[in-house]
1. Looking only at segment 125-141, count how many residues are open to solvent by less than 40 Å² (accessible area, probe 1.4 Å) and either within 22 Å of the chain's Cα centre (by Cα) or closer than 19 Å to L311 by Cα (or both).
2. Taking L316, is it in contact with an Asp or Glu (Cβ under 9 Å, 6 or more places away or on another chain) and surrounded by 24 or more Cβ atoms within 10 Å (Cβ to Cβ)?
3. Identify all residues within segment 68-77 that are within 14 Å of S254 (Cβ to Cβ) and either open to solvent by 50 Å² or more (accessible area, probe 1.4 Å) or free of Cβ contacts under 8 Å to residues at least 24 places away in the same chain (or both); write none if there are none.
4. How about segment 237-348: which strands (runs of 3 or more DSSP E) wholly inside it have at least 2 residues that are more than 19 Å from the chain's Cα centre (by Cα)?
5. Within the bounds of segment 163-179, is there any residue that is more than 30 Å from L246 (Cα to Cα) and under 20 Å from the mean Cα position of the chain (by Cα)?
6. Would you pick out the residues in segment 286-308 that are open to solvent by less than 40 Å² (accessible area, probe 1.4 Å) and touching a strand residue (DSSP E or B) at 6+ places or on another chain (Cβ under 7 Å)?
7. Take segment 227-255 and flag every residue that is in contact with a strand residue (DSSP E or B) (Cβ under 8 Å, 6 or more places away or on another chain) and modelled with pLDDT under 95.
Amino acid sequence: MATIKDIASKSNVSITTVSRVLNHDTSLSVTEETRQRIIKVANQLNYQTIRGRKKQLQNSSPTYKFGILMCQSLEEELSDPYFLSIRHGIESQCHHFNIEVTEVYRMSNFHLNQLNVHLDGLIIAGKIDEGLVDTIHEQIKHLVFVDHSPDENRFDSIVIDFEKSTWIALEHLFSLGYTNIGYIGGMQGKHIKANEKREIEDERYVFFTKKMKELGNYNDAHVFVGEFTMSDGYRLMKEAIQKGNLPEAYFIASDPMAVGALRALQEAAIKVPEDVAIVSFDNVEMAQFASCPLSTIHVPTDTMGKTSVKLLLDRLQGRDIPLKVNVPTTFVQRESCGALAKTRHVPN
């Protein structure tokens, strides 16, 4: 392999001059004749700069091809940006590592015969049935799950602790003196095949019910469960208002539902947080721009998506032990919880 020293010797110039010419140093004062002579010798010797060799190495490296299976339809994704942010995180990280995302499947119209068995790996965002997991795994070896962990002894997964996150929300409301707290949320769906899923209780609902019963503060009349949509947040809050005797505060299991609930309260001239306080979940972009900016649990969905790509790369590069990454959540305080106005404290 030719070196800068070889070129300098044949061109009758110094090694420094050769280096600066080949690296396009515009500050170098050298005649055009000398510059062309150096370039000609370098070409004759098939010399490549370090930058050129790196680029050639990158271009010759194998390019991985990943697929994404989203459990949400495009319409569901747009109405609740939680999974939209996860997908964006996956795609941006793939772009960063020069990985080709060749397929984006959606459970709403997914059929196994569509699956590209030549994919190097598949990232699945959302909950799918264990039987479907096994069927997909028969065709694609490397799977990573986001927001679901069907078998932590076999598959990599990225999840959040819904129980701990719900407790963060409740603890904040308790700290402000609220004890009569309602709940608005949705049912989770575990997908079996295209357009077929079985409903399962959401972990936020399960923990809320359990904890409030333990504390002796549970009131079934203040608990409403529907779909994770803005329209259902509106509908369920309308039902609560029609029942009357609203609780002091609500924990609402998604920001879009909370935005819908705010609209229903506004129409009924019920003020937030003066009459009813709200803490929601997700911290999607709309939360800070709601009619009353939402205090909410921040879920780093973009990071969850990016982490799934890193785990999949790590698997492809030889790691055998499955990893379950539990991503922490944090509380974001805004106006809807009433913390800025309240001075009460939880009684001893």
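1. So the answer is 8.
2. Taking the combined requirement at face value, the residue does not satisfy it.
3. E76, E77
4. 249-252, 277-282
5. Within segment 163-179, the first condition is being more than 30 Å from L246 (Cα to Cα), and the residues that meet it are none.
There is no residue in segment 163-179 that is more than 30 Å from L246 (Cα to Cα) and under 20 Å from the mean Cα position of the chain (by Cα).
6. Within segment 286-308, A287, L294, S295, T296, I297, V299, M304, G305, T307, S308 qualify.
7. We begin by selecting, within segment 227-255, every residue in contact with a strand residue (DSSP E or B) (Cβ under 8 Å, 6 or more places away or on another chain); these are 227-229, 232-233, 235-237, 239-240, 246-255.
Passing the criteria: E227, F228, T229.
Here is a yes/no grid of residues against (1) open to solvent by 10 Å² or more (accessible area, probe 1.4 Å); (2) under 16 Å from the mean Cα position of the chain (by Cα):
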residue: F66; (1), (2): no, no
residue: L84; (1), (2): yes, yes
residue: I90; (1), (2): no, yes
residue: N109; (1), (2): yes, no
residue: H118; (1), (2): yes, no
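The values are calculated or read from the model by the stated rules, or taken from the named source; none is laboratory data. Bear in mind that the values here come from a model prediction, so they are computed numbers and not experimental data. Positions of Cβ are backbone-derived with ideal geometry, glycine not excepted, and every protein chain shown enters the neighbour counts. Side chains included, ligands, DNA and RNA excluded: accessible areas come from the protein's heavy atoms. Shrake-Rupley method; radii C 1.70, N 1.55, O 1.52, S 1.80 Å.
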